[in-house]
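Just so it is clear, none of the values below were taken in a lab; they were calculated from the coordinates. Predicted, not measured: the structure shown is a model, and the values here were computed from it. No Cβ is skipped: glycine too gets one built from the backbone with ideal geometry, and neighbour counts run over all protein chains shown.
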Amino acid sequence: MGFTELGVSKDIEKGLNEMGIYTPTKIQTAAIPVLSTQNIDFIGQAQTGTGKTAAFGLPLLNKVDTNKDYIQALILAPTRELGQQIAKQLFKFTKYTDQVFTEAVYGGEKIDIQISRLNRPTHIVVATPGRLIDLLNKKALDISKISTLVLDEADEMLSMGFKEELTTILKHTKGDRNIWLFSATLPSELNEIITNFVSKNAIRVSVDKSETVNSGIEHHYVTGDDNNKLDTLSLFLKSQGKNRGIIFTKTKAAAKLLSKQLEAKNYEVGLLEGDMHQKDRDKVMRAFRKETLRLLVSTDVAARGIDVDNLAFVVHYQLPEQTEYYTHRSGRTARAGKKGISLVLINSKEVRKIYELEKELRIKFVKVR
């Protein structure tokens, strides 16, 4: 099935095809026809890397009336990178259609610059919650007429401490508007928001976890002593030659330590962790995209919104707490039909976690040694 069967216009499909997107994913197939034709609240549970931006973006573009120059939709995202990525994709989707004006606003950039951009005609605003509150306090934008509010990566916004901001924004936009909520997990805090703000008649779609793991990824694991982990990683990196990848840790402290250890071994490595200033984060991402950095060491939250092609591997230096995070991390490699390796470094006590991942995600791990 192609996108036109889901109700997407030929012009938008042309833009999608140019981006290398030809076949709808499960969440797109479930969401696009409903959201394009009905005024309804929606809860979509799906991992990162399953095409959520098109799942809500294409119906949004369908609903925007380009003859009206006020803000018709608001998309909230947890990080600046994800916000920028969403705005960029919406722009690319509409290459062959009437221009829909999208503006991305986020912390880490001068607010005055964003206020002046918002003075131009704007149909869709993509925002991080904190910056949106700042702009609302300055009366720099009017979201009273929006017909759709999208919460993307809703669980991540809560885990980053945005509950108060989300509640304020949801109260501020009360009225005749639909909420489309997309999330990898539905923690209790999120269920509370759903109970208070989302219609009881909302359509709920959950994409099967096993469908979300890219079949182009080879899953490997190495067992060993925790004290030898750095040596094992070095051997793997040596075997990868000039290939590029991301190494994940569970904590900020572990990420900081590992990046220092790799630097000491003369690797070109960048660090991403939650406490960094935005300008430092941007600097690292610029270098990584330009390929002057070969490796990134990152925590799970810091990696949200990273969209870099041609990554040959992902290393789980520490296994994540949640299965969903394994999927998020692994999905950074094997993009656009390419192959990739997802390598887990564990001690003998953690082997059972490999069996759990195999069972839950219906994937097969190969023991390297």
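A few points about this structure:
- Unit charges on C-beta of K, R, D, E only; dipole of the range 171-249, Debye: 420
- C-alpha long axis of helix 229-239 to longest principal axis of the chain, angle in °: 80
- Likely footprinting exposure, Lys252, Lys339, fewest C-beta neighbours within 10 Å first: Lys339, Lys252
- Separation of the Lys92 and Lys283 label points, Cα + 7 Å toward Cβ, nm: 2.8
- Cα-based helix-to-principal-axis angle, 26-37 vs the chain, degrees rounded to 10: 10
- Computed over the range 221-369, relative contact order equals 33 percent, with contacts defined as Cα pairs under 8 Å that lie 6+ residues apart.
- Total charge dipole magnitude, the chain, about the Cα centre, Cβ charges on Lys, Arg, Asp, Glu only, Debye to nearest 20: 800
- Residue pairs, from the table Lys238/Lys265; Lys110/Lys279; Lys283/Lys339; Lys238/Lys349, whose Cα atoms sit over 22 Å apart: Lys283/Lys339; Lys238/Lys349
- Set of aspartates and glutamates with alpha-carbon distance to Lys95 below 17 Å, sequence-local pairs under 8 removed: Asp11, Glu13, Glu18, Asp65, Glu103
- Stokes-Einstein D (µm²/s) once Rh is taken as the Kirkwood radius of the range 211-367 over alpha-carbon pairs, at 20 °C in 1.002 mPa s: 137
- Residue exposure sequence - Ser239, Ser215 - by fewest surrounding Cβ within 10 Å: Ser215, Ser239
- Extension gain from His172 to Leu257, taking 0.36 nm per residue of separation minus the Cα-Cα distance: 26.3 nm
- Charging the Cβ of each Asp and Glu at -1 and of each Lys and Arg at +1, and nothing else, the dipole of the range 209-296 about its Cα centre rounds to 360 debye.
- By the count of other C-beta atoms within 10 Å, a proxy for reagent exposure, Arg289, Arg294 are ordered fewest to most as Arg289, Arg294.
- Quarter of the Cα convex hull surface for the range 4-207, i.e. its orientation-mean projected area (nm²): 10.4
- Whole-number D in µm² s⁻¹ for the chain, Kirkwood Cα-pair radius fed into Stokes-Einstein, 37 °C, 0.692 mPa s: 153
- Computed over the range 1-60: relative contact order in percent, which uses C-alpha pairs under 8 Å that are six or more apart: 37
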